Amino acid sequence: MTLERQERRLGWGLVAPALVWTGAFFALPFLAMVALSFAHMEGRTVVRGFDAGNYVRAFTDWTMVKALVNSLEITLIVTAVSVLLAYPLAAIIAFRVPARWQRLALLMAVLPFWTSYVVRSYAWLLVLGQKGVVNTTLLALGLIAEPLQMASTRFATVTGFVHFFVMLLTLTIYANLIQLSPNYLRAAADLGAGRWQVFRHVVLPLTLPGVVTGAFLTFVLCIGDYITPQILGGNTELTLPQLIMLQMGRSGNFPLASALSVVLMGIVTLAYLASARWVRLDRV
Amino acid sequence: MTPRQMLPATAFGLIVMAVPSFAQELNALVWCDHTDPALVAPFEEKFGVKVNVKEYEGTAAGLAILDQSQPGDWDVMVIDAVDVGRAVEAGRLAEIPADALPTGDFFPELVMPENNVVGGKTYAVTEKFGYNTISYDKTKVDPADMEDMAVLTGGKYDGRIGIYDYYLPVLGLVALGQGMKTADINADTLPKLKEPLMALRKASKQVSDVVSSQTALATGEVDIVVGGGEWLTAVLAADNPNLDWTIPKQGGLRWAQSIGVVAGTTQPDLALEFVKYIVSPEGQARLATASCYWGMPANAKAGDVLTPEQKTVLRWDQQPEFLKRSQLYPIPDAATDTAMQDMWTEMLNQ
């Protein structure tokens, strides 16, 4: 046996567990879901077959389309706001915080990760409530006369999401910023670039992979999340994952739920293709 | 074996002995009230078994779990009383001996043979019931207003109403508000409920699950919960005595949950013992006051076990009147059920 063949065998041997794992727990279930999405319901019974009706409904039924639009709107808002908040935070930690304190600063930034996601969502419900700390403070300061309606709104959903994803984005952006050689910044400054020009033409392009990677992960996790809009949104509007859960938990309409899930995966795939040029998962 | 080698072996042996071992395990597919250790522990002690509980929400989800399981995986199942027939039709419940159940001690309306008995065979027994009506904070609203459902969409309480996120009871309440019996909801009559449902939605602030509804009522986020009842406010009563509930003049919905033995169980005797324990006066009192939510026990003999304070919260003495004024959940056929859920989804996304 040649050395090359031996190496190839070794390579396949090392990759095999991951391939088996991905095949068994992703590819096969996904194919089963796609197959189920072409089934339809007769009464309360799932009838297997090839019926594209669920997909037609997903894109023509006003309720489904609205849920899709709501999901996209919320996800885009959350992604944009999270990037805008996380970038300065990561930059402050990377450039302003002394090196020996950076680890502690990062720890503080990710501390909320340590609490349960569900508990954190319910906590936001209390914070944003009529008697919550935000309304109480604003009332005490005389800035508002009546409590603001914040809980059970899209604002609450976005707030809950942003709180979570700012932490994630801070980590991915920080990982890029810290790798940036100070010499680039000095060279740009020597050549007469102002602070904004240094940021615009040197720092931002070099950290873009980290930003896009974080933004992509935010997009994927946010658009598929059920818990936050369910708890914080107060069902004032439906998102796609909520609609999928309604089909599964209430109606038992697994074919439609599968079709909607495939649509969701299609959106995530499109998001990946749009950002693939910059996505660097090794920077996460 | 040297003393040094014996030490870890002895320690291991002591640990093994310290962990309680059960000869048998009982697997129960339940609602959250059955997860209360205070309910399950006495049975475990008496029979020396471990009861593994898995919580589920919605009959469709429960039946899907059974679909994906092997026969014998599950021994008992708690199910919405109106869905017993559906589970029997799907072959998911086993017959249980009617004479082993103390239904003679039950509130007569809660024996519910029309639900628990199919083709002359008993498949389940009612274990707990209550009402989906109107819960409210009596310091924030006029309690007299809560006696009339029409007030809710009259503008006075706009933005102060929460709706319990379950289509069957709320659509049932909307039907009662329109003078329609819950049993008369079908594909032909359902469209009449759309406008009043949307009007209720317009007047409301949120549509939420049990915990969120409780949180909203307790924190003053909303002052009224449509679809609420003793199950929503009773667990909060100790900390917030201002929370109350009533059945308006148009009536209320009566919910009931049943328990049965899952078809294919490998230990039918133990499963039946669990069912018998749950409907015994002691089991019923514990189930009625379980930590997740309270509700009336189906067995009236539980009144001998409950404390006077617990009975006050449950409105024990008013049950004859409440039972008279309440109607059962609608039992839609598959097509009507789908139409009801579509209407509900549309309402959520309004």
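The values are calculated or read from the model by the stated rules, or taken from the named source; none is laboratory data. Just so it is clear, the structure is predicted and the values come from calculations on it, not from any experiment. For neighbour counting, all protein chains shown are included, and Cβ atoms are generated from backbone atoms with ideal geometry for every residue, glycine included. With ligands, DNA and RNA removed, areas are computed over all heavy atoms of the protein, side chains included. Shrake-Rupley method; radii C 1.70, N 1.55, O 1.52, S 1.80 Å.
For B:V211, the conditions (1) within 14 Å of another protein chain (Cβ to nearest Cβ); (2) in contact (Cβ under 8 Å) with a residue 24 or more places away in the chain; (3) within 22 Å of the chain's Cα centre (by Cα) all hold with the exception of (2). Considering region B:318-343 alone, what residues qualify as being open to solvent by less than 60 Å² (accessible area, probe 1.4 Å), touching a strand residue (DSSP E or B) at 6+ places or on another chain (Cβ under 9 Å) and facing chain A (nearest Cβ under 9 Å)? Listed by number, the list holds a single entry, B:A334. Checking the structure you have, find out if any residue of region B:290-306 is in contact with a Ser or Thr (Cβ under 7 Å, 6 or more places away or on another chain), open to solvent by 10 Å² or more (accessible area, probe 1.4 Å) and among the basic types (K, R). So far as region B:290-306 goes, no, none of its residues is in contact with a Ser or Thr (Cβ under 7 Å, 6 or more places away or on another chain), open to solvent by 10 Å² or more (accessible area, probe 1.4 Å) and among the basic types (K, R). The residues on offer are A:T269, A:T228, A:T236, and the sole one that is at negative phi and under 13 Å from the mean Cα position of the chain (by Cα) is A:T228.
Before we move on, is A:A123 within 12 Å of another protein chain (Cβ to nearest Cβ), farther than 18 Å from A:N235 by Cβ and surrounded by fewer than 20 Cβ atoms within 10 Å (Cβ to Cβ)? Yes; evaluated as a whole, the condition is true for this residue. Scanning region B:123-147 for residues that are more than 30 Å from B:V88 (Cβ to Cβ), in a loop (DSSP other than H, G, I, E, B) and not hydroxyl-bearing (S, T, Y) yields a count of 6.
Of the candidates A:S82, A:S121, the single residue that is modelled with pLDDT of 95 or more, closer than 20 Å to A:I223 by Cα, touching a Leu at 6+ places or on another chain (Cβ under 7 Å) and among the small types (G, A, S) is A:S82. For region B:219-236, a tally of residues being in a loop (DSSP other than H, G, I, E, B) and within 13 Å of chain A (Cβ to nearest Cβ) returns 4. Looking only at residues of region A:31-66 that are open to solvent by 50 Å² or more (accessible area, probe 1.4 Å) and touching a strand residue (DSSP E or B) at 6+ places or on another chain (Cβ under 7 Å), we find that the one that is farthest from the other protein chains (Cβ to nearest Cβ) is A:D51. The listed residues are B:E221, B:E273, B:E230, and the only one of them that is touching a residue at least 40 places away in the same chain (Cβ under 8 Å) and open to solvent by less than 10 Å² (accessible area, probe 1.4 Å) turns out to be B:E230.
Among the residues making up region A:126-151, a single one is away from chain B (no Cβ under 11 Å), surrounded by 12 or more Cβ atoms within 10 Å (Cβ to Cβ) and not aliphatic (A, V, I, L, M): A:T136. Residue count for region B:165-197, restricted to those that are within 13 Å of chain A (Cβ to nearest Cβ) and modelled with pLDDT of 95 or more: 2. Looking only at residues of region B:16-73 that are hydroxyl-bearing (S, T, Y) and assigned to a helix (DSSP H, G or I), we find that the one that is modelled with the lowest pLDDT is B:T59.
Of the helices (runs of 4 or more DSSP H) lying entirely inside region A:166-284, those containing at least 3 residues that are surrounded by fewer than 18 Cβ atoms within 10 Å (Cβ to Cβ) and more than 14 Å from every other protein chain (Cβ to nearest Cβ) span A:182-190, A:195-198, A:204-223, A:254-275.
Can you find a residue that is over 23 Å from the mean Cα position of the chain (by Cα), of a type outside the set (A, V, I, L, M, F, W, C) and within 14 Å of chain A (Cβ to nearest Cβ) anywhere in region B:60-71? Yes, the conditions are met somewhere in region B:60-71. Would you confirm, using the coordinates I've provided, whether B:P108 is surrounded by fewer than 23 Cβ atoms within 10 Å (Cβ to Cβ) and within 17 Å of B:A271 (Cα to Cα)? No; evaluated as a whole, the condition is false for this residue. When residues in region B:249-261 are screened for being in contact with a Leu (Cβ under 8 Å, 6 or more places away or on another chain) and open to solvent by less than 10 Å² (accessible area, probe 1.4 Å), 6 of them pass. Here is a check on your reading of the model: is B:E44 open to solvent by 30 Å² or more (accessible area, probe 1.4 Å), touching a Lys or Arg at 6+ places or on another chain (Cβ under 8 Å), farther than 21 Å from B:N115 by Cβ and free of Cβ contacts under 8 Å to residues at least 40 places away in the same chain? So B:E44 fits the description; yes. Please work out if B:T265 is part of a loop (DSSP other than H, G, I, E, B), open to solvent by less than 40 Å² (accessible area, probe 1.4 Å), in contact (Cβ under 8 Å) with a residue 24 or more places away in the chain and more than 21 Å from B:K138 (Cα to Cα). When the stated conditions are applied, B:T265 passes them. Screening the candidates B:V88, B:V53, B:V76 for the property of being in contact (Cβ under 8 Å) with a residue 60 or more places away in the chain and either open to solvent by 40 Å² or more (accessible area, probe 1.4 Å) or touching a Phe, Trp or Tyr at 6+ places or on another chain (Cβ under 7 Å) (or both) yields one hit, B:V76.
In the set B:A216, B:A175, B:A150, B:A187, only one residue is part of a helix (DSSP H, G or I) and either touching a Pro at 6+ places or on another chain (Cβ under 7 Å) or surrounded by fewer than 23 Cβ atoms within 10 Å (Cβ to Cβ) (or both); that residue is B:A150.
The criterion of at least 2 residues that are at pLDDT 95 or above and closer than 16 Å to A:I244 by Cβ is met by the following helices (runs of 4 or more DSSP H) wholly inside region A:1-69: A:28-37, A:53-60. Every test in (1) in a strand (DSSP E or B); (2) within 18 Å of B:L217 (Cβ to Cβ); (3) of a type in the set (D, E, K, R) is passed by B:D239 save one, and that test is (1).
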